[in-house]
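Written out below as structure tokens is the structure these notes cover.
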Amino acid sequence: MNGPSVAALLVAGGAGLVLQNTLMLQIRAVSGSFWIALWLNSGVGLVFLTWLVWAREGQQPLSILWAQPSWWYVLPGLLGTLFVFASLQGFAHVGAAITVTSLVASQLVAGLVFDAWNGDSLSLRNFVGAGLLIAGAALVAQDG
């Protein structure tokens, strides 16, 4: 993918998060359960992604994965569920703006730590940008 395509995908993903959580709150209202909303979200994703893998790549990637099982294969799914659960709780209890700014600020800080751990050089601009984003998140949170 080229730069503009990646940028468009990131914008769509960010906007999609807001719509996803809004719809999941409606599912929670109908079902009476956050867990059902999370289950439906994960179940639909699993079915869609299974179909996509089989349609594009066949059985081979799954066969390779099953032939080399490891306990840590479950961690991305658990972390993704944590992210969606935190998002849904945030939308329900503090609203979209505070939830999104808190998630983005924490992701940026974690991303900087990850980049530094990987040996990537970080500049003063990285830290100033992170500080401004954190300050913006704090300002948004004060209005909530």
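Points worth noting:
- Estimated translational D of the chain in µm²/s (Stokes, Kirkwood radius over Cα pairs; 20 °C; 1.002 mPa s): 120 µm²/s
- As computed over the range 1-83, the Cα convex hull volume per residue (Å³): 129 Å³
- Using 0.36 nm per residue and subtracting the Cα-Cα separation, the extra length available between Phe114 and Phe127 on full extension is 3.3 nm.
- Note that the chain presents 72 Å² accessible area per residue, ligands and nucleic acids not counted, probe 1.4 Å.
- Solvent-accessible area of Asp120 with every protein chain in place, 1.4 Å probe, in Å² to the nearest 10: 80 Å²
- Most fluctuating residue given options Thr50, Thr101, Thr81, as computed from a GNM of the chain linking Cα atoms under 10 Å: Thr50
- Convex hull volume per residue for the range 98-144, taking Cα atoms only, in Å³: 45 Å³
- Overall form of the range 49-131 per C-alpha gyration tensor (a/c, 1.5; a/b vs b/c): oblate
- Ranked by solvent-accessible area (1.4 Å probe, protein heavy atoms only, all chains present), the residues Ile98, Ile64 order from largest to smallest as Ile64, Ile98.
- Listed by number, the DSSP H helices of the chain that run 15 Å or longer by alpha-carbon position along their axis and have mean Kyte hydropathy of at least -0.5 are 3-31, 34-57, 75-93, 96-117, 124-143.
The values are calculated or read from the model by the stated rules, or taken from the named source; none is laboratory data. Nothing here was measured: the structure is a model prediction, and the numbers come from that model. The area values use the complete protein model at the heavy-atom level, side chains included, leaving out ligands, DNA and RNA. Shrake-Rupley method; radii C 1.70, N 1.55, O 1.52, S 1.80 Å.
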